[in-house]
Amino acid sequence: MKLSTKGRYGLKAMLDLAVHSVDGQVSLNSIAERQGLSENYLEQLFASLKKAKLIKSVRGPQGGYMLADSPENISVGDILRALEGSLAPTDCVSEDQGAGSCSNSGRCVTRSVWERIRDGINNVIDNITLQELIDDYLRNNNSRIIDNT
């Protein structure tokens, strides 16, 4: 399984938003600058994240984006699925498609392998919260600050 730039950049942007939204809304421009990403591309990603109700937007001169829920309640799985869709290794075991998408599903000898891979991926990404990523980020940045003094 390989994530597209949607998933990779979207997760980075959500972490950036979470870290920097403690003082209020965060502009796409500021996220784009910090992460070295295109603001136009971020707009597309944030439209999907907003549709999935993971973020909220605030209009106006002091507007921007904020998390729709606390970081403890948003998983990496929530973010990646909002941007990538199902992360199943094959269409026949995708949560989006279901078993009906393959006429051979009843006698497929490798189906159980694909299901176990899908379930393993889902288990990992659903058990990592945005708060854990924030904690890791803060721990890593604090150690750099301490090391540089």
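The values are calculated or read from the model by the stated rules, or taken from the named source; none is laboratory data. It should be emphasised that the depicted structure is a prediction, and the values quoted were computed from it without experimental measurement. Please note: Cβ atoms are built from the backbone with ideal geometry, for glycine as well, and neighbour counts cover all protein chains shown.
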I'd like to check which helices (runs of 4 or more DSSP H) are fully inside region 1-112 and have at least 1 residues that are among the β-branched types (Val, Ile, Thr) and within 17 Å of the chain's Cα centre (by Cα). 5-20, 28-35, 76-84
Quick one: which residue in Ser57, Ser103, Ser48 is over 19 Å from Asn127 (Cβ atoms) and in contact with a Phe, Trp or Tyr (Cβ under 7 Å, 6 or more places away or on another chain)? Ser57
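Table: residues versus (1) modelled with pLDDT of 80 or more; (2) buried (at least 17 other Cβ atoms within 10 Å of the Cβ); (3) farther than 22 Å from Gly10 by Cβ; (4) touching an Asp or Glu at 6+ places or on another chain (Cβ under 9 Å).
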site: Gln62; (1), (2), (3), (4): yes, no, yes, no
site: Pro71; (1), (2), (3), (4): yes, yes, no, yes
site: Ile74; (1), (2), (3), (4): yes, yes, no, no
site: Gly77; (1), (2), (3), (4): yes, yes, no, yes
Enumeration of residues in region 97-149 that are in contact with an Asp or Glu (Cβ under 6 Å, 6 or more places away or on another chain) and either within 23 Å of Lys12 (Cβ to Cβ) or modelled with pLDDT of 95 or more (or both): Thr129, Gln131
Look at region 10-34 and say how many of its residues are in contact (Cβ under 8 Å) with a residue 40 or more places away in the chain, more than 16 Å from Glu72 (Cα to Cα) and crowded, with 21+ Cβ neighbours inside 10 Å. 2
Tell me, which residue of region 112-123 that is among the hydrophobic types (A, V, I, L, M, F, W, C) and in contact (Cβ under 8 Å) with a residue 40 or more places away in the chain is farthest from Pro71 (Cα to Cα)? Ile117
